[in-house]
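First comes the structure, then the notes that go with it.
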Amino acid sequence: MKAHPINDRIFALHADIESDELFEGIWPIPNGVSLNSYLVKGGKLALIDLVRDWVDAPLALEEELEGIGVRLEDIDYLVLNHLEPDHSGWLEEFRERNPAVQIIATAKGVELVKSFYKITEGLRAVKSGDSLDLGEGVVLRFEEAPNVHWPETMVTFEAGSGVLFSCDAFGGYGALGDRIFDDQFEGEELGFFEGEVVRYYSNIVASFSLFVKRAIAKLASLDIKVVAPSHGLVWRRDPKAIIDLYQRLATYMEGPQEKEISIVWGSMYGNTKRGLDAVIAGIEAEGLPYTIHRIPDEDVSFVLADVYKSAGVVIAMPTYEYKMFPPMANVLNLFERKHIWNRQALRIGSWGWVGGARKEYEELVAPLKWESLESLEWAGAPDADTLDELYERGRELARRVKAI
Ligand code: FEO
């Protein structure tokens with residue numbers, strides 16, 4: 001990889017991580033993820049955001065810096081917008097290589113530098129409105145953006161160029177390869193990265209949607225010409241596109257969401273699936289788009305990506321040992337954590353010798369503020385009357401989603 005100039009003073013650096021190791025220890029990255037850093041040159045040199053020692057990311061960073069004639073030891077300032085270890089994990093070794101570097105973060109960020117890395121010297125805490133003059137007309141200005149993604153997070157803006165270094169905000173999954181700018185992708189390729197933004201947002205950022213809205217409002221007065229996040233594409237052709245996408249994603253928490261239905265289902269011996277097929281026929285009769293996810297076969301990362309943007313949800317699962325099909329409990333728990341609120345919902349499922357899923361289900365969805373159709377459960381295989389009812393439930397759910 002090589003450094004990519006954003007202009008003659010700002011360079012994008014990135015390490016593509018392609019690994020079976022889960023992101024945050026939870027989320028699969030079958031398409032990889034990039035860890036982005038930025039080198040800003042005035043009279044002094046600032047590196048914005050670091051990497052974790054993961055799949056040779058430090059080596060990639062060092063080689064890209066060398067490619068533009070910068071040694072690690074030359075860097076004067078390390079700006080840490082956010083202390084999650086994907087952007088700071090290599091800090092101890094970096095500091096050993098460059099003991100003179102000044103580390104800049106918010107006050108809360110400085111505390112995290114101390115607690116994570118036991119570094120206590122050469123730290124500078126900044127707050128909203130503070131700036132760092134690198135000389136030769138290059139000035140970095142800091143703006144706190146709490147909880148996008150952790151409480152200590154800030155963004156950095158270089159007004160002369162209009163480059164916003166936004167860290168996790170406006171980021172997405174997906175390795176980049178040799179092309180890093182939005183204008184280097186069109187059509188399906190660009191759509192792929194937008195899809196990976198949605199999955200990343202639903203997995204990582206969704207819980208903090210309120211703070212995303214606040215941060216976007218706070219940044220509205222800036223003349224942003226380039227959005228340079230810490231994961232995914234650098235948006236220079238159309239920075240508004242990624243800001244608008246994040247605004248829309250933040251709105252999905254409360255609604256309205258897209259007029260589509262996400263179906264999440266599990267079945268032990270096919271009886272719940274037979275009932276679900278009737279629901280799907282009802283949805284199709286109304287002509288509403290839907291996605292379908294079988295658990296636990298499909299990782300919940302992908303389930304979240306679709307459910308997060310859908311106004312309608314179908315939960316289909318059998319009773320299992322007097323309670324819910326266990327993988328569904330995990331899914332619903334994550335729905336609560338990720339604020340999958342205000343959906344039109346339908347729950348269906350079969351039971352063997354006795355029901356029991358209902359109580360646990362209702363407890364888990366209570367915080368979600370869902371508007372639910374009457375649930376439908378049946379013993380064993382669904383009979384013809386049950387299938388008719390399920391078909392009608394599917395139609396009714398689709399009609400409700402269309403009406404929002
Ligand atoms: Fe990419 Fe919250 O770290």
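Points to keep in mind about this one:
- Residues that are under 13 Å from Lys118 (Cα atoms) and over 31 Å from the mean Cα position of the chain (by Cα), drawn from region 87-104: Glu96
- Taking residues in region 267-278 that are within 18 Å of Leu397 (Cα to Cα), and partners anywhere that are crowded, with 19+ Cβ neighbours inside 10 Å and among the aromatic types (Phe, Trp, Tyr), the pairs with Cβ atoms closer than 6 Å and at least 6 places apart or on different chains are Leu276/Trp265; Ala278/Tyr391.
- For region 317-362, a residue qualifies if it is among the small types (Gly, Ala, Ser) and either in contact with a Pro (Cβ under 7 Å, 6 or more places away or on another chain) or farther than 23 Å from Gly255 by Cα (or both), and the qualifying residues are Ala329, Gly349, Ser350, Gly352, Gly355, Gly356, Ala357.
- The selection criterion, being more than 24 Å from Glu258 (Cα to Cα), open to solvent by 40 Å² or more (accessible area, probe 1.4 Å) and either at pLDDT 95 or above or not in a helix (DSSP H, G or I) (or both), holds for Glu377.
For (1) part of a strand (DSSP E or B); (2) within 12 Å of the ligand (Cβ to nearest atom); (3) in contact with a helix residue (DSSP H, G or I) (Cβ under 7 Å, 6 or more places away or on another chain), each residue gets a yes or a no:
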residue	(1), (2), (3)
Asn36	yes, yes, no
Leu39	yes, no, yes
Leu47	yes, no, no
Arg52	no, yes, yes
Val55	no, no, no
Leu61	no, no, no
Leu65	no, no, yes
Glu73	no, no, yes
Asp86	no, yes, no
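- Some residue of region 340-358 being assigned to a helix (DSSP H, G or I) and open to solvent by 10 Å² or more (accessible area, probe 1.4 Å): yes
- Residue check, Glu189 touching a residue at least 12 places away in the same chain (Cβ under 8 Å), assigned by TED's automatic domain parsing to the domain that holds Thr106 and under 27 Å from Ile17 (Cβ atoms): no
- Residue match in region 142-161 (condition: over 25 Å from Ile242 (Cα atoms) and either touching a residue at least 60 places away in the same chain (Cβ under 8 Å) or assigned to a loop (DSSP other than H, G, I, E, B) (or both)): no
- Taking each residue of region 33-57 that is aromatic (Phe, Trp, Tyr) and looking for partners that are in a strand (DSSP E or B) and open to solvent by 10 Å² or more (accessible area, probe 1.4 Å) with beta-carbon atoms closer than 9 Å, six or more apart or interchain, yields Tyr38/Phe11.
- Filter result (touching a residue at least 24 places away in the same chain (Cβ under 8 Å), assigned to a loop (DSSP other than H, G, I, E, B) and either within 16 Å of the ligand (Cβ to nearest atom) or within 17 Å of Ser221 (Cα to Cα) (or both)) within region 117-141: Ser128
This table checks each residue for (1) modelled with pLDDT of 95 or more; (2) open to solvent by 20 Å² or more (accessible area, probe 1.4 Å); (3) more than 25 Å from Leu47 (Cα to Cα); (4) within 13 Å of the ligand (Cβ to nearest atom).
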position: Ala159; (1), (2), (3), (4): yes, yes, no, no
position: Ser166; (1), (2), (3), (4): yes, no, no, yes
position: Gly172; (1), (2), (3), (4): yes, no, no, yes
position: Gly195; (1), (2), (3), (4): yes, yes, yes, no
position: Val205; (1), (2), (3), (4): yes, no, no, yes
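- Per the conditions (1) open to solvent by less than 60 Å² (accessible area, probe 1.4 Å); (2) away from the ligand (no atom under 15 Å from the Cβ), the sole criterion not satisfied by Arg214 is (1).
The values are calculated or read from the model by the stated rules, or taken from the named source; none is laboratory data. Because the structure is a prediction, the values reported are computed rather than measured. Virtual Cβ from ideal backbone geometry, glycine too; neighbours counted across all protein chains shown. These area figures cover heavy atoms from the full protein model, side chains too; ligands, DNA and RNA do not enter into them. Shrake-Rupley method; radii C 1.70, N 1.55, O 1.52, S 1.80 Å.
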